[in-house]
Amino acid sequence: MSPAERPSSPTSGSRAPGGEGGKPLVSIVVPAFNEAPGLERNLTTVCRYMETLEDAWRWELVIVNDGSTDDTGRLADEFARARGNVHVLHHLTNFGLGQALRSGFSHCRGDYVVTLDMDLSYAPEHIGALLARIRASGAKVVVASPYMKGGRISNVPWFRLLLSTWANRFLSMATNHSVSTVTGMVRAYDGPFLRSLSLKSMYMEINPEVIYKALLLNARIDEIPGHLDWELQRAPGTARRSSTRVKRQTLQVLLAGFLFRPVMFFIFPGTLILVFSLYTNTWMFIHFFTQYGRLSAIRGFEDRATAAVGAAFQLYPYTFIIGLMSLILAIQLLSLGIVALQNREYFKEMFYLGTRIQRFAREHWKESTDD
């Protein structure tokens with residue numbers, strides 16, 4: 001365990017999947033940062049909803065207090081004190097969403113893992129729908145998507161909505177439209193699959209990272225229609241905060257898109273620009289040879305060629321400028337694309353190796369604890 005985090009209560013050993021009458025265990029992971037005004041009410045709402053699913057599921061709730069500066073940690077501890085299946089993890093400082101989720105993943109024990117926003121901008125009923133889909137389809141990841149057919153978005157500021165919509169359209173295109181909501185956090189995961197992933201992200205880019213790595217492993221990813229509503233469970237007298245830092249998220253979205261599809265963003269446009277450059281530069285040479293033929297009175301190849309270049313450039317300057325600049329740009333894009341493809345292949349190999357090592361280590365640890 002990292003020295004920057006501590007559990008409020010000890011976590012018992014892992015349970016066998018499908019224990020207690022064959023009911024799978026579901027871990028609900030909820031990150032929290034300065035959520036004191038609505039924390040108790042929202043956690044109560046989640047627990048009451050999960051109680052309605054107890055005929056089919058066992059469940060635990062893992063709250064990650066990510067270095068809150070208000071009473072979030074104390075209120076979470078008080079809430080968990082009277083409930084044996086609610087656990088609280090505390091970060092001593094605010095690390096970010098990615099680290100909060102990774103801490104929750106490392107401490108949860110579920111056959112399935114569901115991640116949920118503490119502010120309940122997605123109603124708890126999404127949990128049941130996510131679990132029903134992942135159990136029926138055998139998918140490794142199921143995403144609640146407000147951007148797919150049947151999904152809805154309510155009470156989100158226009159600029160935040162615009163940013164989120166186009167970010168997800170961009171990333172959806174980068175994933176060949178296999179997922180319509182790449183940045184969304186409300187998801188259900190196959191527990192063993194999730195714990196086999198080696199995740200590195202500290203901030204909001206953890207959500208695209210999981211999708212990308214699941215795609216690398218050819219894991220099935222499903223979506224269900226989701227309803228994102230920022231006013232659904234907002235505590236009275238408080239303003240709904242956007243945790244998104246616009247500049248950071250924009251950069252992360254662009255980088256994630258390039259990571260998903262380097263061919264689309266480097267090699268394909270580089271090839272198109274190269275074709276355009278060859279066409280333009282062909283005309284540049286035609287103009288050069290035309291002027292070279294007209295300057296037969298000049299003796300010497302170098303003098304005549306220099307004069308021909310000058311005359312052609314004076315008559316057709318944009319042909320020279322555009323042709324040479326497009327050629328340079330095409331070479332740069334193609335070079336970046338080749339490097340990105342090589343890096344992606346190296347990354348795949350390292351990721352496969354790391355995943356197998358992590359899986360082997362977990363199995364070895366489980367065998368040693370069973371003995």
Sort 56-69, 73-86 by packing, meaning the average of other beta carbons within 10 Å per residue, with the highest value first. 56-69, 73-86
Sequence of T280, T45, T183 once ranked by neighbouring C-beta atoms within 10 Å, starting from the fewest: T45, T280, T183
Would you pull out the residues with amide H under 5 Å of V64's amide H, same chain only if 5 or more places away, H placed 1.01 Å from N? V30, A32, L89
Just want the ordering: K23, K140, K200, from fewest to most Cβ atoms lying within 10 Å of their own Cβ. K200, K23, K140
With label points built 7 Å along Cα→Cβ from the Cα atoms of L161 and T69, find their separation and express it in nm. 3.1 nm
So, with points 7 Å from each Cα along the Cβ direction, the V309-T52 label distance in nm works out to 7.8 nm
Length added when fully stretched, A136-T271, from 0.36 nm per residue minus Cα-Cα: 44.3 nm
Pop a pseudo-label 7 angstrom from the Cα along the beta-carbon direction at both L341 and S296 and give the gap in nm to one decimal. 4.8 nm
If each part is reduced to its alpha-carbon centroid, the range 279-329 and the range 58-129 end up apart, in Å, by 68 Å
Please report, to two decimal places, log10 I(q)/I(0) for the range 84-194 at q = 0.11, 0.13, 0.17, 0.19 Å⁻¹ as given by the Debye formula with identical point scatterers on the Cα atoms and no solvent. -0.41, -0.58, -0.98, -1.19
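Quick one: length gained pulling N85 to R41 fully straight, 0.36 nm per residue minus the C-alpha distance?
Taking N85 through R41 to full extension adds about 14.1 nm, to one decimal.
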Quote to one decimal, in nm, the extra length available between F285 and L216 on full extension: 0.36 nm per residue of separation minus the C-alpha distance between them. 20.3 nm
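Laboratory data are not the source of any read-out in this text; all were calculated from the coordinates shown. It should be emphasised that the depicted structure is a prediction, and the values quoted were computed from it without experimental measurement. Glycine gets a Cβ as well: all are built from the backbone with ideal geometry, and neighbour counts include every protein chain shown.
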